[in-house]
1. Given the conditions (1) in contact (Cβ under 8 Å) with a residue 40 or more places away in the chain; (2) within 13 Å of the ligand (Cβ to nearest atom); (3) open to solvent by less than 30 Å² (accessible area, probe 1.4 Å), report the number of the one that residue 100 does not fulfil.
2. Hey, among the residues in the range 103-118 that are under 22 Å from residue 12 (Cβ atoms) and among the small types (Gly, Ala, Ser), which one's least open to solvent (accessible area, probe 1.4 Å)?
3. Quick check on this structure: which one of 166, 172, 116 is within 14 Å of the ligand (Cβ to nearest atom), out of contact with any helix residue (DSSP H, G or I) (no Cβ under 6 Å at 6 or more places or on another chain) and at pLDDT 95 or above?
4. Give the residues of the range 27-38 that are β-branched (Val, Ile, Thr) and crowded, with 16+ Cβ neighbours inside 10 Å, sorted by residue number.
5. If you check residue 88 against the conditions, is it more than 14 Å from the ligand (Cβ to nearest atom), in a strand (DSSP E or B) and modelled with pLDDT of 95 or more?
6. When you scan the range 1-26, how many residues do you find that are within 10 Å of the chain's Cα centre (by Cα), open to solvent by less than 60 Å² (accessible area, probe 1.4 Å) and of a type in the set (Gly, Ala, Ser)?
7. Taking residue 91 as the residue in question, decide whether it is open to solvent by 60 Å² or more (accessible area, probe 1.4 Å), among the acidic types (Asp, Glu), touching a Phe, Trp or Tyr at 6+ places or on another chain (Cβ under 9 Å) and touching a residue at least 12 places away in the same chain (Cβ under 8 Å).
8. Taking the residues in the range 129-142 that are within 16 Å of the ligand (Cβ to nearest atom), among the aliphatic types (A, V, I, L, M) and open to solvent by 30 Å² or more (accessible area, probe 1.4 Å) as candidates, determine which candidate is nearest to residue 168 (Cα to Cα).
Amino acid sequence: MADLAVIGAGPAGLAAALAAAAQGVTVAVVDSATEAGGQFYRQPASGLRARRPQALHHQWRTWERLKDGLTGSGVRLLTDHHVWSVERDSDGFTVHALLGPEQREPVAVRADAVLLATGGYERVLPFPGWTLPGVVTAGGAQAMLKGGLVAPGRRAVVAGTGPLLLPVATGL
Ligand SMILES: Cc1cc2nc3c(=O)[nH]c(=O)nc-3n(C[C@H](O)[C@H](O)[C@H](O)COP(=O)(O)OP(=O)(O)OC[C@H]3O[C@@H](n4cnc5c(N)ncnc54)[C@H](O)[C@@H]3O)c2cc1C
């Protein structure tokens with residue numbers, strides 16, 4: 001039983017978990033990904049043995065501080081746990097998760113309180129040609145780079161002016 005269950009091990013969830021643990025709170029962090037980091041600090045698959053994962057990231061020091069902070073913090077990190085529901089009863093909360101890529105094995109995490117840090121998702125507005133082979137979203141291209149160490153092509157046009165496009169263009 002934890003005092004606090006944090007759902008999401010991105011920058012927000014990790015920062016919250018470490019802040020709570022520093023105050024003596026017993027924390028369990030639950031994330032569906034195989035590694036902590038979330039979208040911002042998405043980690044390359046371990047089998048790729050990336051030598052310089054920081055090359056595709058910005059604010060890497062913040063990630064190191066969060067990652068290193070977990071060691072010895074007492075925070076229990078449960079990766080590969082996909083949360084599908086949270087139940088409340090008179091004793092607190094039960095966070096229900098399914099384990100592993102096939103999401104077959106059920107796991108229940110009990111906690112007095114639950115903090116949702118499940119992040120944001122890329123929302124794509126369709127435009128003519130958006131389903132053509134070779135057309136990917138900025139977030140998709142970045143996820144391929146950071147998670148798979150692959151670029152979606154040899155030459156790229158990065159279309160748009162949002163702030164995510166600059167790190168994506170730099171990464172490509
Ligand atoms: C594709 C993409 C790329 C981005 N790249 C950048 C970038 O380069 N720079 C930038 O400043 N911002 C970027 N952003 C914006 C980004 O969302 C925030 O900067 C930052 O990651 C938000 O941190 P967070 O901790 O709130 O959420 P996230 O980092 O999104 O972390 C949420 C975590 O919750 C977990 N989670 C979600 N649902 C469940 C569930 N049901 N069960 C278990 N775990 C769950 C996820 O696996 C994830 O690890 C990007 C967003 C997206 C969608």
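The values are calculated or read from the model by the stated rules, or taken from the named source; none is laboratory data. A quick note: this is a predicted structure, and the numbers were derived from the prediction, not measured. Cβ: placed from backbone, ideal geometry, glycine included. Neighbour counts: every protein chain shown. Side chains are part of the model used for accessible areas, which takes the heavy atoms of the whole protein and leaves out ligands, DNA and RNA. Shrake-Rupley method; radii C 1.70, N 1.55, O 1.52, S 1.80 Å.
1. (1)
2. 111
3. Exactly one residue qualifies, and that residue is 116.
4. Here is the first cut: in the range 27-38, the ones β-branched (Val, Ile, Thr) are 27, 29-30, 34.
Of everything in the range 27-38, those that are β-branched (Val, Ile, Thr) and crowded, with 16+ Cβ neighbours inside 10 Å turn out to be 27, 29, 30.
5. On the way: more than 14 Å from the ligand (Cβ to nearest atom): yes; in a strand (DSSP E or B): yes; modelled with pLDDT of 95 or more: yes.
Considered against the rule, which asks whether it is more than 14 Å from the ligand (Cβ to nearest atom), in a strand (DSSP E or B) and modelled with pLDDT of 95 or more, residue 88 comes out as yes.
6. Matching residues across the range 1-26 total 4.
7. Numbers: open to solvent by 60 Å² or more (accessible area, probe 1.4 Å): yes; among the acidic types (Asp, Glu): yes; touching a Phe, Trp or Tyr at 6+ places or on another chain (Cβ under 9 Å): no; touching a residue at least 12 places away in the same chain (Cβ under 8 Å): yes.
Spelling it out, it is not the case that residue 91 is open to solvent by 60 Å² or more (accessible area, probe 1.4 Å), among the acidic types (Asp, Glu), touching a Phe, Trp or Tyr at 6+ places or on another chain (Cβ under 9 Å) and touching a residue at least 12 places away in the same chain (Cβ under 8 Å).
8. In this case the residue turns out to be 136.
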